[in-house]
Structure formats: C-alpha cells, structure tokens
Amino acid sequence: MCGRYASARKRIELLEEFSVQRDKVAEPLEPDYNVAPTKPVYAVLTRQERPDRDDREAEASAQPGAVRQLRVVRWGLVPFWAKDISIGSRLINARAETVSEKPAFRHAFAKRRCLLPADGYYEWMKLDGTEVDRPPRAVPKQPYYITKKDGSSLAFAGLYELWRDKAVPDGDPDAWLWSVTIITTSAPDELGKIHDRMPMVIGRDRWADWLDPASSDPSELRLLMLPAASSGLVSFPVSKAVNSVRNNGPNLIEPVEAGLLAPLAPASASGSSGSADALH
C-alpha cells in the first residue's frame, strides 16, 4: 500500500518537469514531507478545456483542446455516486490487479487517470523483518523511506474523480470536490522485504499515454502498468517521527539507524491537517 509520502517540490518545478500546459493551482502548496490521506496534493492530468460547460460534464478527450494541467486535489478518492466524502479516507489506494473492475474506480480508470508527483514514499516494517500495513501500537516497527537515487521525481499512477456537493449552489467554487487515489502494485524482491506492495510508478516515456483520456481500452492500459522495477530506487530507515502526521519537515527523510528512535521532528502547521495518526 501507500499510506504516506513526501512531496516537497515547488509548483514552478513541477510545471516544468511534467511539461504542464495549464496551471490550475490557485494557491501553491507548502513542501510536505508527511503527506497523509485527506490532505491536498498536486496532480498532473489531461482534460478537455470547455469553459462554457460544467467541469463534470466536460470529460477529457484527446481532441484539440485537451491540455495537460496541474491541480490541487484531495487524497482519498470520492466516487461521483457517493453520498458524502467520508468514503474517501478508505479509498486512498487502488490495486492494479482489480482497478478496472471495482465500482469505485472503474469509471475513473477509463477516463480520468493522473500522475501524483512525489519525492519518495514511506513503508513500515516490523523489526523482525516482516512487513505491516497499519500496525497496532504494541508492535515495534521501523519506517523506511524509498526514493530515487538521482533525486528526480516519482510519478505515481493515480485516478481522479469529481464529486458534486449538492448542498452548495451552482457557480460556487466549492461545489465540486476533486479527489484522487494512488494505484499500487506488487513490489519487487528488493523492496518486497520492506513491504509486498508499492505505489505504481509510471516512467516518463509513458506519461502521455497514461494521461491520454481517449485511451480507455483496459487491455491497452494494462500494458502501461508493468510490474514495478526497483532499478534506480534506494530505501533506508528514517525517524519514527513520521508516524505522527503532526510532524513535518526535511528531517523526516534523513537516514537513521534501524531500530533506534530518532529525536522527534517539531510539529508544524503544514502537518496538522489530514487524517489522524494512522501509523503512529
């Protein structure tokens, strides 16, 4: 799974790195080294721009007018048919093996795919070497940080959805909620020692194909979701301060000796929002 990650690059860096054509970010996000479910995150997607139509109706297409955008969205996908947004906290990940079939994801998989830029992500491993997802407090576990050796961005495969809040009047900017989920896949042996799942990473040469909303054939899309490769990735133990979403800062991704409790990072405003301390 993927329950926490780091996203510290500035908006202007992402616009350049992902060749974004349209900046849809009203207010840039602060660097976040402890991204947790329900937090706002950056997403890269391609949509048909039709200013005269409602955003939900203006489904993206590969026809002239479809442009690559950068947006701020909420992590935790809320299906368009959901009664309220609470379901989003349970839909932070979608398994690659079943994403085209599950009711919560299949419509987004066909038309609304995106990329989630990340500097790296965290996984937890028991100190005896076995992996854990959301461990009980009594089980000793060590957080690990996985990132690229060369320092470049990871582009997580994601899906986005738009949910209409019927309590908000038409024309209000808050009438539509944009939300996302991260697709996960099996981890290769090197990373599987930490956890058997990992976020699916889309290579730069496949970004355009993945984002192309005109590509809706599940068999073709699955060719883009090849088994994850660990080439170019490094992993190392980091401070257990990352267990609490209240902690934030670059010290969270600094290597520590496994099994030792590094000094806690000071709590910051940027880490105070989002879900509860799910991995504490």
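A few remarks follow.
- Considering residues of region 110-142 that are of a type outside the set (D, E, K, R) and at pLDDT 95 or above only, the residue surrounded by the most Cβ atoms within 10 Å (Cβ to Cβ): Leu116
- Selection within region 5-22 - within 17 Å of Ser153 (Cβ to Cβ) and not small (Gly, Ala, Ser): Tyr5, Arg9, Lys10, Arg11, Ile12, Glu13, Leu14, Leu15, Glu16, Glu17, Phe18, Val20
- Each residue in region 84-112 was checked for being β-branched (Val, Ile, Thr) and not in a helix (DSSP H, G or I), and 3 pass.
- Whichever residue in region 71-83 is touching a residue at least 24 places away in the same chain (Cβ under 8 Å) and assigned to a loop (DSSP other than H, G, I, E, B) and, among such residues, is nearest to Lys10 (Cα to Cα): Gly76
The values are calculated or read from the model by the stated rules, or taken from the named source; none is laboratory data. Since the structure is predicted, the reported quantities are computational estimates derived from the model, not experimental observations. Cβ atoms come from the backbone with ideal geometry, glycine included; neighbour counts cover every protein chain shown.
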